[in-house]
């Protein structure tokens, strides 16, 4: 079954037609992002266009585009194997139409290759599915991408990404909580904009039993600022706070938590479809 967008094709059209002076970053809601450099290289990170699993997991924001409307992409990066980060109906049509490569840790690639068998259902080759791990670096057009550790107890093998460009550096932490390695990452890179998952604690039906269960998937205010401070990000962009019913949060509350820290120097509040520039 195809994905239906609430917004038609205006967002992928806006991305395709954009001519940034540096690097443009669009927030797709949930934990999804698009980066486009001044030379046109376009990278998607964790794009998810699904509806969740109602009534247990309910999407609270629009589906911003249909994957078949994406005509230009060079890579998709996946941070870990969860469905809102690796999702065939959201991502395989982009690979099929653009010839882009899909990069992810072993568990993420296994979902695409074995569990969902993208090559059987879409015109996607096995060569497009590329396994990466912590310590790897690779180039995609004008970007240099470094695979770094992450700490997500709910995932089997999560990673984070540092995306370097001569105009600036973007960090995507996936759904990571504060990690012991973040201080070293912050020392090694000069991170201009960092995206970290933020949410509240809510009561969700348990996946197997359906019993209402206290659930915490993302950083709270203090954890988010701990991670951002360790990473020494100049600008902090909270993500994921908008997505799931019962786990949504108010990112403006982070102003109070951030004001006494040296990092982040600035808090960026972006809504789905918004563009920022490095």
Restricting to Cα pairs under 8 Å and 6 or more apart, the percent relative contact order of the chain works out to 18 percent
Build a GNM of the chain with springs between Cα atoms under 10 Å: which of 75, 119, 150 gets the top mean-square fluctuation?
-> 119
Just need log10 I(q)/I(0) for segment 206-247 at q = 0.19, 0.29, 0.33 Å⁻¹, Debye formula, equal scatterers on the alpha-carbon atoms, no solvent, rounded to two decimals.
-> -0.69, -1.09, -1.21
Cα shape, segment 103-153, gyration tensor, a/c 1.5 rule = oblate
Residue exposure sequence - 7, 118 - by fewest surrounding Cβ within 10 Å = 7, 118
How big is the Cα convex hull of segment 7-75 in projection, averaged over all directions, in nm²?
-> 4.7 nm²
List 69, 250, 220, 6 from most exposed to least, where exposure is judged by having the fewest other Cβ atoms within 10 Å.
-> 6, 250, 220, 69
Pick out which of 208, 164, 142 has the largest mean-square fluctuation in a Gaussian network model of the chain, springs linking Cα atoms closer than 10 Å.
-> 208
Please figure out what share of the DSSP beta bridges in segment 10-277 is antiparallel and state it in percent, rounded to the nearest 5.
-> 65 percent
Computed over segment 166-246, the relative contact order (Cα-Cα under 8 Å, seq sep at least six) in percent reads 38 percent
Most exposed first by the Cβ proxy, i.e. fewest other Cβ within 10 Å, how do 145, 58 rank?
-> 58, 145
Volume per residue of the C-alpha convex hull in the chain, rounded to whole Å³ = 117 Å³
What residue among 137, 72, 239 has the largest mean-square fluctuation in a Gaussian network model of the chain, using Cα springs under 10 Å?
-> 137
Under 1.5 on a/c is rounded, so check that first for segment 1-46, then, if it is not, pick prolate when a/b is larger than b/c and oblate when it is not; a ≥ b ≥ c are the square roots of the alpha carbon gyration tensor eigenvalues.
-> prolate
Which part of segment 1-42 falls in the paramagnetic zone of residue 117, meaning amide N under 14 Å from the point 7 Å along Cα-to-beta-carbon?
-> none
Quick one: grab the alpha carbon gyration tensor of segment 177-231, order the square roots of its eigenvalues as a ≥ b ≥ c, and give me rounded if a/c is under 1.5, else prolate or oblate depending on whether a/b is larger than b/c.
-> prolate
Alpha carbon centroid spacing (whole Å) that separates segment 105-160 from segment 213-244 | 23 Å
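No lab work stands behind these numbers, since they all come straight from the coordinates. Keep in mind it's a predicted model, so treat the numbers as computed, not measured. Ideal geometry is used to build each Cβ from the backbone, glycine not excepted, and the neighbour counts take in all protein chains shown.
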